[in-house]
Amino acid sequence: MESKLERQGLLALIKKGNKSSAIAMIGNAIIAAIKAFAAAFSGSGAMFASAMHSFADAINQGFVFVGSILSEKRPTPRFPTGFGRVINIFCMIAVIVVTIMAYETIHEGWHLFRHPVENEGIWLNIAVLIVNLVVDGFILIKAMKEILHEAKVEAHGFQLFPTAFKNVGRSAPATRLVFYEDIVAVTGAVLAMIAVIVVSLTAFDQMDGVVTMLIGLLMVGVAFRVGYDNMIGLIGVSAPKEIEDKVSRIIFSEPLVTDIYQMRILQEGRYYHVEALLELKAGLSLADADDIKFKMRDTLLRDTNITDAILGIIEDDGVKSWVPVDKR
């Protein structure tokens, strides 16, 4: 019976894992195999670089998917705030993989720039890159929709990308990694296609090496960006001002709350921990004050992204302590 319950618990955790990273892992593994075959057949350095990037993406998303599953584990007495930061550790492992692949890609690009090779199979390369664009484009759209879902905002059509880019900081680390990596993947596929066409139609054979190095540099950019995001996530970072405003509006929706003496909201992945000291109207009984505190706590916890809320109460001191973020 216990074994069956454990299996059910594991299945529930897997279902909570980041869907974008799971889709990206499968898609990039297939693309990497196709590109590697095309690169071996044609000798295209740009195709090799694109295959390396897809292979790195597949490995990364596997790490990240496992991390996203573990980060959903319930808090324990030993780890009372939960496992939200586990995903940051796995994303840092992914950063190391991307950095290694970026170095190898730049190294190969420099070699091809100095010693260009004759490419064959232009139509095979183009066909593979078109498949790459379709698959990575689908993954990118899925990641953008996941960002909007996690940030609880809406956008459609041409507003999808700018809205997702604006709110990417409010999404889970796994979703952010998929988003940044697939921007590079789509860009890299377009650049690789340009390189294949230019090399086939002109005498500028160095174009292959130039594009290969450029793709490698884009991978370095992703590594630095994702590395920075997860480094501050491991240290502990405050929630965006939009979240702080939202929490303060919920608190002030209670008429008997006169002020917020102090408040701190810590972000872990896409989850938030709220700590606040509330000022209540003078003259309330302890029983009434407790009722208000628990009511506010229950209201905050209805937001699925807020995992815990620790609230304290004091009597109104007559001094306005809380200033909205947009007025600071």
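When residues in region 285-296 are screened for being free of Cβ contacts under 8 Å to residues at least 40 places away in the same chain and surrounded by fewer than 16 Cβ atoms within 10 Å (Cβ to Cβ), 7 of them pass.
Looking across 168, 226, one residue alone is in the same structural domain as residue 99 (by TED's automatic domain parsing), in contact (Cβ under 8 Å) with a residue 60 or more places away in the chain and within 30 Å of residue 92 (Cβ to Cβ). It is 226. Residues that are on the phi > 0 side of the Ramachandran plot and surrounded by 14 or more Cβ atoms within 10 Å (Cβ to Cβ) are absent from region 96-103 altogether. Of the set (1) at pLDDT 85 or above; (2) within 30 Å of residue 232 (Cβ to Cβ); (3) over 19 Å from the mean Cα position of the chain (by Cα), all apply to residue 92 but (3). For region 297-311, taking the residues that are in a strand (DSSP E or B) and surrounded by 12 or more Cβ atoms within 10 Å (Cβ to Cβ), the one that is modelled with the highest pLDDT is identified as 311.
Of all residues being more than 8 Å from the chain's Cα centre (by Cα) and not aliphatic (A, V, I, L, M) in region 170-200, which is surrounded by the most Cβ atoms within 10 Å (Cβ to Cβ)? Just the residue, please. Result: 181. A residue that is outside the structural domain of residue 272 (by TED's automatic domain parsing), surrounded by 14 or more Cβ atoms within 10 Å (Cβ to Cβ) and not in a helix (DSSP H, G or I) occurs nowhere in region 141-152.
The set of residues from region 229-264 being among the charged types (D, E, K, R), part of a helix (DSSP H, G or I), free of Cβ contacts under 8 Å to residues at least 60 places away in the same chain and loosely packed, with under 14 Cβ neighbours inside 10 Å comprises just one member, 249. Given the structure, is residue 290 over 27 Å from the mean Cα position of the chain (by Cα), among the charged types (D, E, K, R) and under 30 Å from residue 315 (Cβ atoms)? Yes.
The values are calculated or read from the model by the stated rules, or taken from the named source; none is laboratory data. Note that this is a predicted model, so its numbers are computed, not measured. Glycine also receives a Cβ, built like all others from the backbone with ideal geometry; neighbour counts cover every protein chain displayed.
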